[in-house]
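Quick notes on the structure that follows.
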Amino acid sequence: MVRQEEEEEDIVCLDESFFINDNYQLTTFTFGSHVLQLFCLQSASTDFDLTGQLVWPGAMLLNDYLSKNAEILQGCSMIELGSGVGITGMLCSRFCHQILLTDHNEEVLKILRRNIELNLSSESPSCCAALEAEKLEWGNSDQINRILQKYPGGFDLILGADICFQQSSVPLLFDTVQQLLCERGSGHCKFILAYVSRAKMMDLMVIAEATQHGMLINEVAGTRSVVGNLEGVIFEITLC
């Protein structure tokens, strides 16, 4: 009985800072003729919730695609879901006129905002967009509504890179995308998703959730490729 009570009262004497790795390094990335510099980790944190501190293969896939198809971005307003360190936003800032980068994790938002400041204060800035960061937890209608109040009329583009790897978050992701797409209306906004396949179950779930949310999901021809030893592809997702 004493042993059972001890187990029930077990307390872990570690605060959240124990799991945080903030040894960020200034890193250079090149996409076509575009050279980006930003702070990021070179290896993963011990906390699963801090995946956004890294640049993931899907972000490399999406940036490669966008750098070759920059006309998609020209003069657009854009929101990115699960921005992480902001590598896609930094590239898009060279073409879009308004960008909102979002993440749910406060620690990730710190490095995201640091990279925005770096991007805006460089000696030869090539950024032409209004670039901001906000907290957004997928499925949180209050947070989404606050964003839409700040950006009335919504956005031309929704972007996401390598953000489908946790089963429980996928329905919430598509709840959020649906609300953002509906704000602009059918035919006036699309969701560009750089998807990296890690499990067949997730492959099927992403397509099923898009369909159940009243969306059309189409693979962009010629985008299927190997990234980080995994298969990646670009999807364009719109309202039916």
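Taken over the range 16-239, lysine pairs spaced eight or more positions apart, or on distinct chains, with alpha carbons under 27 Å apart number 7.
Taking amide H atoms as placed 1.01 Å from N in the peptide plane, the amide H of Glu231 lies under 5 Å from those of Ser197, each 5 or more residues away in sequence or on another chain. Computed over protein heavy atoms with a 1.4 Å probe, the accessible surface of the range 16-239 works out to 45 Å² per residue.
Among the GluC sites (Glu not before Pro) in the range 123-206, those located in a DSSP loop and surrounded by at most 13 other Cβ atoms within 10 Å of their own Cβ are Glu123. Taking the average, over residues, of other Cβ atoms within 10 Å as the packing measure, peptides 151-161, 95-105 rank 95-105, 151-161 from highest down.
Within the accessible area of the range 16-239, the carbon and sulfur atoms contribute 50%, probe 1.4 Å, all protein chains present. Amide H contacts under 5 Å for Leu239: Gly187, Leu216, restricted to partners 5 or more places along the chain or on a different chain, H placed in the peptide plane at 1.01 Å from N.
The values are calculated or read from the model by the stated rules, or taken from the named source; none is laboratory data. These numbers come from a predicted model, not from an experiment. Every residue, glycine as well, gets a Cβ built from its backbone with ideal geometry; the counts of neighbours run over all protein chains shown. The area values use the complete protein model at the heavy-atom level, side chains included, leaving out ligands, DNA and RNA. Shrake-Rupley method; radii C 1.70, N 1.55, O 1.52, S 1.80 Å.
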